[in-house]
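Note sheet for the following structure.
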Amino acid sequence: MLEALRSLPGLKERSRGVFYRRSKAFLHFHEDPAGLFADVRNDSGDFDRIKVSDADGQGALLALVAQMLTQRT
């Protein structure tokens, strides 16, 4: 999943698993007892949390990020 995120144009990985778009934090990960989660900055500037502990969640995250990167200018 990280390799796929690293290949997306417009994202910079400033530290392992912490991605920026332009000068703002855009995506990062958290692990807690419920699993692995990704926080993705939405259009209002807040972060949405997505569970990425399984392949379905990881696929959903990659699709969402790719869509957001193509919609934003």
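The values are calculated or read from the model by the stated rules, or taken from the named source; none is laboratory data. The structure presented is a predicted model; accordingly, all values stated were derived computationally and were not measured. Glycine gets a Cβ as well: all are built from the backbone with ideal geometry, and neighbour counts include every protein chain shown.
General remarks:
- When the residues of the range 3-27 are filtered to those that are surrounded by fewer than 10 Cβ atoms within 10 Å (Cβ to Cβ) and not basic (K, R), the one that is nearest to D43 (Cα to Cα) is S23.
- When residues of the range 32-45 are limited to those that are modelled with pLDDT of 95 or more and among the charged types (D, E, K, R), the one surrounded by the fewest Cβ atoms within 10 Å (Cβ to Cβ): D39
- Positions within the range 12-53 being closer than 19 Å to Q67 by Cβ, assigned to a strand (DSSP E or B) and β-branched (V, I, T), in sequence order: V40, I50
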